[in-house]
Amino acid sequence: MPSLNLAIPIIILAPVYGYFGKNCTLAITTTIALIIALLFNSVWVLKCRNRITKILLIILGVFIAYQNSIIVSPCPWEIIKCEEKMLITATGIAKGDEGLVKIGAKITKTSEYKKHLLKENIILNLERVNNFRYDSSKLEVKGVLYTNEKDQLTIFVYKLKEKLYFNIFEKFFRDLHDRYICKIKNYSKLKKDTQSFLIALTTGNKESFENNNKNLFIRTGTIHLFAVSGLHFGILYLIFKLILNVLIKVNTIKSIIVIIILYLYLIFINEPISATRAFLMLAFWEINSLSRKKTSGLSSIALAFIFSYITNPLSIFSVSFQLSFTIVLVIIWFFNERFENNINKTLGLFTKPFTASLASFSGSFLILLASFNQFVPIAIISNILLVPLAFPIMIVCIIYCFFFFVFNIDLYFILNSSYELIFLILKIFDTNYFYDKISVTITKISYVLLPIIVIFLFNINLKPIYKFFIIILIQVLFITFSIQFLN
């Protein structure tokens, strides 16, 4: 897959240039070693028909990583906790040497993993926020947390919840998003828990979830159902493709319409990283299909990664970004062509959900443990049941929303029953024996090495269960190394 030769230098060198940028010898040595490793290997997914093309892609990847290291460089890895969502009370405005807006602020609300930062003085660096207009004392931000050259706690902001800088198009969909939530909360007959479930499932907004119910999904390893991502976009993609196949005969028009619909939905849910990755993968998949070339999940994920990184270099430090791309990469590795060809169709109804669940768990194990101190092995079993149910549940949600918003008919009893069924299933798996919080510091280089190791393991043709044990063993070795040398 030629695009992987462009993606790998970015995955490795962007953080290396950012962290070791002043150490030219180390940066150059790493670059040369990487180029040699990419040029002289036998991994089939890295092969190119033309060697010149491969060399040019590798050089382009090195160039992109170097160019964006200027943005990443003030962010030392060892203190980054990846993506952070905080409520900020601003106290004043200052302009830096280059005219960049910086705001002095205090953190008034954050996740439980960052409670020690509450009421801390902090600097907001708004370089990545275009056309920012400050007219509010309270802001909700996402960005990279680091200590600047003056030893001041700083957030390099790349997203604000208060969309003061939206254009008219984006503002329209933001207002539509808010009206959607408002109407469900104020006018639907759904139970309060079901309302929260519907809003979270369709928009990714989990704010209205009660802590008890939210913790139930966390303890059973199914909270990812509310992070709008590949599962949601894949289901919507299938639904709209089926409808358009009946209504339209021309493939090009069908592809354009489905890409536009998915893009509008992406804007509607405020473009979370996991959803953006899913949209880009499906868009590249559709474009590839139109060109009548053999479509490849690996090419799609590589192109999605490159595009995401170029448009927002800081996203490489986001937990959502790391989880989304690593899990999908592991799933593609588990579901190789030989596995698909050898599996019995009837048996596949049982083995495919199990394989997908193994891949998702093994792909997220290290990142969840490092970022949220969560270890949830029961997720392997709970997702085997819940993920296949996601398709009919999404259908029910779409039908409910269609009748509720278009005809003002409230089919609340259908959705209430669906949520109660899910709740009962989750209660079966809700046990402390299969959920634990483990506090451990893991070297951030593990986040880079893990997807690279998976790519180089594509040559190994094993059953998914053996792949599962291999990838878990590798991550356990990372954890052991970190405990030995960092703790």
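Which of the residues belonging to segment 183-227 are of a type in the set (D, E, K, R) and surrounded by fewer than 19 Cβ atoms within 10 Å (Cβ to Cβ)? Before the answer, list the steps.
The first filter runs over segment 183-227 and keeps only residues of a type in the set (D, E, K, R), leaving 183, 185, 189, 191-193, 206-207, 210, 214, 219.
Result: LYS183, LYS185, LYS189, LYS191, LYS192, ASP193, LYS206, GLU207, GLU210, LYS214.
Is there a residue being closer than 23 Å to LEU225 by Cβ and modelled with pLDDT under 80 anywhere in segment 305-315? Checked against the condition, which is being closer than 23 Å to LEU225 by Cβ and modelled with pLDDT under 80, segment 305-315 yields at least one hit.
For segment 196-220, name all the residues that are part of a helix (DSSP H, G or I), without any contact (Cβ under 8 Å) to a residue 12 or more places away in the chain and either farther than 24 Å from SER360 by Cα or among the acidic types (Asp, Glu) (or both).
ASN211, ASN212
Run GLY230 past the list (1) under 15 Å from GLU286 (Cβ atoms); (2) without any contact (Cβ under 8 Å) to a residue 60 or more places away in the chain; (3) of a type outside the set (Lys, Arg); (4) in contact with a helix residue (DSSP H, G or I) (Cβ under 7 Å, 6 or more places away or on another chain) and report the number of the one that doesn't hold. Here GLY230 clears every test but (2). Every condition in (1) at pLDDT 85 or above; (2) in a loop (DSSP other than H, G, I, E, B); (3) among the charged types (D, E, K, R) is met by GLU286 except one, and the failing one is (2).
The values are calculated or read from the model by the stated rules, or taken from the named source; none is laboratory data. From a predicted model like this one, the values you see are computed outputs, not experimental measurements. When we count neighbours, we look across all protein chains shown, and the Cβ atoms used for this are built from the backbone with ideal geometry, even at glycine.
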